[in-house]
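Have a look at the structure below before the remarks.
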Amino acid sequence: MCLSREIAGRSINIVLYQECLGMSERDLEEELLLQKKLLELKKMLAKRGEKKSAREIVLERLVDRGEEVLRAAEEQFPDQTKVIIEKLAEMIKKGYITSNITGAELLWLFRQLGLPVRIETKIRIEKKGKVISLDEKLKEDYFNGT
């Protein structure tokens, strides 16, 4: 005897020999239903345990220097940033935000909301195959008289 059923979107073929198990077809159907319900319960419990924090939800969407901007905002404006993260996560969950968020976009958002987040910026110059910082270049030019 062969039973073919779909459980949780997967097709499962079960080959059972009634003689060996001593179960009727009805018993097998009941056992199959019981197994299906058990699988659904396990999935529901797994989903409950997978709740992500608002910060984790937002971090998944951040690209480029987004994480760096978020860290700077959290250091400089912890209370306000927490509220903004909550709102962003809510908007992501509801589907209002579907694309990734760049560091520039996040910085723009903070500034539009009145939070002047400061980001460390470095300007580097390549000279003769060597990368040097702008301040090193200016010092070099000043002392060399160029």
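The values are calculated or read from the model by the stated rules, or taken from the named source; none is laboratory data. Since this is a predicted model, take the numbers as computed values, not measurements. When we count neighbours, we look across all protein chains shown, and the Cβ atoms used for this are built from the backbone with ideal geometry, even at glycine.
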Just wondering, is there one or more residues in the range 56-69 that are outside any strand (DSSP E or B) and modelled with pLDDT under 80?
no
Residue check: is Glu126 surrounded by fewer than 16 Cβ atoms within 10 Å (Cβ to Cβ), of a type in the set (Asp, Glu) and not in a helix (DSSP H, G or I)?
yes
Criterion violated by Cys2 - all others in (1) in contact with a strand residue (DSSP E or B) (Cβ under 8 Å, 6 or more places away or on another chain); (2) modelled with pLDDT under 75; (3) surrounded by 11 or more Cβ atoms within 10 Å (Cβ to Cβ) satisfied:
(3)
In the range 39-56, is there at least one residue being hydrophobic (A, V, I, L, M, F, W, C) and closer than 15 Å to Ala89 by Cα?
yes
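Whether any residue in the range 54-64 is more than 20 Å from the chain's Cα centre (by Cα) and of a type in the set (D, E, K, R) is what I want to check. Before the answer, list the steps.
Going through the range 54-64, the residues more than 20 Å from the chain's Cα centre (by Cα) turn out to be none.
No: the range 54-64 contains no residue that is more than 20 Å from the chain's Cα centre (by Cα) and of a type in the set (D, E, K, R).
I want to confirm something. Restricting to the range 70-117 and keeping residues that are outside any helix (DSSP H, G or I) and polar (S, T, N, Q), which single residue is surrounded by the most Cβ atoms within 10 Å (Cβ to Cβ)?
This residue is Thr102.
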